[in-house]
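Presented below is the structure to which this report refers.
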Amino acid sequence: MLSSSGDVGLQCVGGSFLPVASDADIEVWLVSAAMHEKHAAFIDSMLSDAERHRARRLREQAQARLWKCVRASLRLRLASVLDTDPASLEFSYGSYGKPYCGSLAFNVSHSGDTGVIALSKCKHVRHRIGIDIEAVKPQRDHLELSRLVFNEQEQRELASMEMDERASAFVRAWTRKEAWLKAQGLGLGFGMSRVHVGIAETPERVSVDGVADRESTLHEPAEVDGYRLSICVTRMNNAPHA
């Protein structure tokens, strides 16, 4: 029988836990679209009418299935923390679509057939969280793409790398930048090139327009089956940039 609470419920429908070392007490759940095939009715039962309508509007069925799996998994985990029924949760949304539910800090991301959920359970210091997952695609022209989203230093570093290293380096930096933007509740229109994170294996301290963001830290679990993911945790006293 499927459980409808916490990590037991998530594991029953195919979610898996990724440990992350952070003083914000972060947990990360990896969600596969494959769980929809076995648990479609259970997943749909947790979604609101508006969520089911949103899933139907997605152009591809695979995207819709993954979106529903991630949203149902998110409801399971939040409901466990809040000690309530998953289907009863209500979400609000920021200007760029970031979901909120009460005072909990969380974020989600989707790529290909995989989704991720990041959640901070810290009760003493409130945080904002952003997470991004992207598939590593070696066939892309990463130097050309870097001119759109990297600053000049990052572009030079990418160009100096061997061809077979560029895909992972590009996606590392992209996910770091987008995770930071999502933690602040900002969209891509803010300008990814304004956010410096470094492209090496170890992320640098985030800086924005040349100014260090001392309230934000980046965390990166190991690469997962061809995907890279990054998490940004920002203390609440750091106001979004304009």
Are any residues in the stretch 59-109 surrounded by fewer than 18 Cβ atoms within 10 Å (Cβ to Cβ) and touching a His at 6+ places or on another chain (Cβ under 8 Å), and if so, which ones?
63
Suppose we filter the stretch 147-168 for residues that are among the small types (Gly, Ala, Ser), part of a helix (DSSP H, G or I) and either modelled with pLDDT of 95 or more or surrounded by fewer than 12 Cβ atoms within 10 Å (Cβ to Cβ) (or both); how many remain?
1
Would you confirm, using the coordinates I've provided, whether residue 32 is of a type in the set (Ser, Thr, Tyr) and either surrounded by 19 or more Cβ atoms within 10 Å (Cβ to Cβ) or at pLDDT 70 or above (or both)?
yes
The residue that is nearest to the chain's Cα centre (by Cα), considering only those in the stretch 101-128 that are hydroxyl-bearing (Ser, Thr, Tyr) and at pLDDT 90 or above, is 109
Go through the residues of the stretch 219-226 one by one and say whether even a single one is among the hydrophobic types (A, V, I, L, M, F, W, C), in contact with a Lys or Arg (Cβ under 9 Å, 6 or more places away or on another chain) and either surrounded by fewer than 22 Cβ atoms within 10 Å (Cβ to Cβ) or at negative phi (or both).
no
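The values are calculated or read from the model by the stated rules, or taken from the named source; none is laboratory data. Just so it is clear, the structure is predicted and the values come from calculations on it, not from any experiment. Glycine gets a Cβ as well: all are built from the backbone with ideal geometry, and neighbour counts include every protein chain shown.
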